[in-house]
Structure formats: C-alpha cells, structure tokens
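The values are calculated or read from the model by the stated rules, or taken from the named source; none is laboratory data. Everything numeric in this text was worked out from a predicted model, so none of it was measured. With ideal geometry, Cβ positions are generated from the backbone for all residues, glycine too; neighbour counts draw on all protein chains shown. SASA here: full protein model, heavy atoms, side chains in, ligands and nucleic acids out. Shrake-Rupley method; radii C 1.70, N 1.55, O 1.52, S 1.80 Å.
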Amino acid sequence: MATTTAPQPRPKTNRIGLSVLDYKGSKTTLCAGCGHNAISERIVDAMFEMGVKPEQVIKPSGIGCSSKSPAYFMSRSHSFNSVHGRMPSVATGALLANKKLICLGVSGDGDTASIGIGQFVHLMRRNLPIIYIIEDNGVYGLTKGQFSATADIGSRLRSGVINELPAIDTCALAIQLGATFVGRSFSGDKQQLLTMLKAALSHKGTVMLDVVSPCVTFNDHEGSTKSYKFMKDHDEPITDVSFVPSFDDIEVDYGPGEALDVVMHDGSRLHLHKLEADYDPTSKAVALKRLAEAHDQDEVLTGIFYVNATAPNFMEMLNTVDRPLATLPPEMVRPPREALEAAMEELR
Ligand SMILES: Cc1ncc(C[n+]2csc(CCOP(=O)(O)OP(=O)(O)O)c2C)c(N)n1
Ligand code: SF4
Ligand SMILES: [Mg+2]
C-alpha cells in the first residue's frame, strides 16, 4: 500500500526570496542567557524583514565576547575580527573601497570606551554610513568581568568591588561628536531593538546604538546597573519608535505634535512618538540635556535620542566613486608615468 507524507509547510520568504535561515550564523559559543545572543537574533530578524542581501553586508568587529558575535549571525556575509578597539578603521577602509557595502560593526563597551575610544570619536565625527552597535554589559566579559568605562558609579561587582569612576555615556559622546542617528536599547526589549535596527538600515550616515546587554556570568547580580532586573526596573523609553520601510505602505496615525515623522533617504518613514511632550529628537542640545538629567535621576533612557536624516555622509563629502575600487580598470587607478614625473619634479 502506498504511504503518503503530509506536505511540509514552505518556509516564509522575504522580498528577495530568502528565508530566515539564510540569515543565520554558526551556533553560538557564548554563555546561555548572554544578552549578546539576543542582539544577534534581532539582527537576523531585522536583516530578513528588510530583505537585505547577505552578501552585501560586512560585519567587522573588535575583540571581546561581543565582538565574537558576528560569527553567530549571517554566515553568508563578510566578517573581520580586527585588533581590540580598531574596528572603526577597518570599517572605514572597507567602505572607502566599496561604498555599496552595508556595514554593521559590532563592538563592546570595553572595545569602544577604553582601548578603542580614539578610533570611536573620530568615526563618530565623520558620519560614515555604518551601523555601530555597542553590546554594552559594563564589564570586560571575555577577560572575566573587570569594570569597563561604561559602568555606572556605585555599581558593584560580584566580588564586592564598587566602581568609583564616572561612566562614559557613549550616546552623549556620539551625539556631541556628529553621529546622525543615536539611540539606546536593551537586549531584552525585542520589539524596540528590532524596530531600531530596521530603521538603522535605512539611514545613510553613522548610526550609533548602545544596546544594554547583560553579562549573565559576571554582571547580572544585585548591585549591578546592567543586569536584567535593573534594566526592567529603570528602563525609561523617551521615544516610541515605529518604522515603515519604503516597500510597505502602512499608514500610522498620531495626534498632531505627538510624533515626529522623519523621511529617510530611501523613502522609508521613521515615526518617533515622543513620550515627553517637549522632547525634540532633532535637537542635539535637547538630547544632551535630557541624557544628563537621566544620569542624575538614575534612569536608563532608551529609544532614538537624536536623528538627522539629511546631513551629508563621509562618502558624499569625499565624492568617492560609485564603483568598488577593485573593479576599476588600471588606467583609472594608476596615475600615468607623466603624472608621477610631474609630481617628482615638484619635489625637487
Ligand atoms: C590589545 C589588546 N589588549 C587587551 C586585550 C584583552 N582583552 C580581550 S577582550 C577585552 C575586553 C572586552 O570587553 P568588551 O569589549 O566590553 O566585550 P565583552 O567581552 O564584554 O562583550 C580585553 C581587555 C586584547 N585582546 N588585545
Ligand atoms: S562572559 Fe558574559 S559577555 Fe561573555 S559570553 Fe558569557 S555572559 Fe556573555
Ligand atoms: Mg563588555
């Protein structure tokens, strides 16, 4: 007698015909429950839902548990583990060589705010088209949990050591220096993080997202200000973000004055529903003032703090060629002998 098998449901595909499996990476080797794993999952969801071609994505990182995480999403994309804190220069070089790439850089709070702070500040002032994610747990997870420079004053290690140094607020720093899309989220807030990542993919300048991402092994106890519990109790969204990609046609209605509508360069629309009436996410001064107040009040503000969708990016400022440098013919990239001789003549 012939046996029949039930038809398997076809996997859901996105607008470029890929399934979510096409966006997965290797199996994670990070601790179970590490916030970094949840961020990788949201990156997979955002890239899938936005229909990004995986081969177009580069995902450079530094060194740390966070910087290992690009191995755990998007295996079909290009990775580069740089030296500790040096991801910005690798990303800048890659984008200068090929501006068609979509660059999603992953760093840690140690990688960014200690050894990499010099590279970070110069990256922020260039408005390079990059999504720069800090997976922020307040400690150096990979080297066994020492305080990082984003740890809050008064935060306590499991060993009892108290942090007495002020934290660097990477969002305030990024806004002040020139990044054009700056926000903070929490690895445990699936919807907010996913929406912010999708909106980030439509931005053509520097996106800096500080994502609080608890380290369950070294910094998730009572007394830590980067634990799941602390974030659940202190997370204060300032903007409720919704995002309509250019390929969707959904109407979102807000009352007048409640929301700021930002049209991104690809026609997508970002709706920032302001949860505080006088908050203006297009004003650097307002954003910096509110972040400073939040520190004084022990609040962890989340949401998109600042956005400027029209500022020229680094590629536009340099007027770089559209074609990847590797595909240009030698006569375009190699100066003729006469040009070299003229240059040498000038130096004589
Ligand atoms: C030049 C250099 N200095 C120091 C180290 C040691 N080191 C490796 S990872 C790390 C800190 C990682 O912390 P963070 O960036 O916050 O990542 P996490 O592990 O917390 O995700 C340090 C100091 C190194 N690998 N290279
Ligand atoms: S040590 Fe901390 S940061 Fe590293 S994988 Fe484990 S939980 Fe994550
Ligand atoms: Mg860290």
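Just a few scattered comments:
- Cα gyration tensor, the chain - rounded (a/c under 1.5), prolate or oblate: rounded
- Only beta bridges with both residues in the chain are counted; by DSSP, about 40 percent of them are antiparallel.
- Per residue, the solvent-accessible area of the chain (1.4 Å probe, heavy atoms of protein chains only, all protein chains present) comes to 49 Å².
- Accessible carbon and sulfur surface of the chain relative to its total accessible area, %, 1.4 Å: 56 percent
- For the chain, calculated [θ]222 nm from helices alone, where every DSSP H run of n ≥ 4 adds -39500 (n - 2.57): -8000 deg cm²/dmol
- Each Cα pair under 8 Å and six or more residues apart adds its sequence gap; the mean of these over the residue count of the chain is a relative contact order of 16 percent.
- Calculated over region 111-181: convex hull of Cα atoms, volume per residue (Å³): 88 Å³
- If you run the Gaussian network model on the chain, springs between alpha carbon atoms under 10 Å, then out of G62, G178, G154 the most flexible one is G154.
- Sites D280 and L318, calculated FRET efficiency, Cβ-Cβ separation with R0 30 Å, nearest 0.05: 0.45
- Links that overshoot a 25 Å alpha carbon limit, given the list K53/K232; K12/K229; K226/K289; K59/K204; K53/K190; K100/K274: K53/K232; K12/K229; K100/K274
- Residues whose amide H lies under 5 Å from that of F186, counting only those 5 or more places away or on a different chain, are L193, V212; hydrogens are built 1.01 Å from N in the peptide plane.
- Largest-first ordering by accessible area, 1.4 Å probe, given options S159, S224, S246: S159, S246, S224
- Assuming charge only on the beta carbon of Lys and Arg (+1) and of Asp and Glu (-1), the dipole of the chain about its Cα centre is about 1400 debye to the nearest 20.
- Mean Kyte hydropathy of -1.0 or more with a Cα span along the axis of at least 20 Å, helices from DSSP in the chain: 35-50
- Computed from the Cβ-Cβ distance with R0 of 56 Å, the FRET efficiency linking A311 to S75 stands at 0.95.
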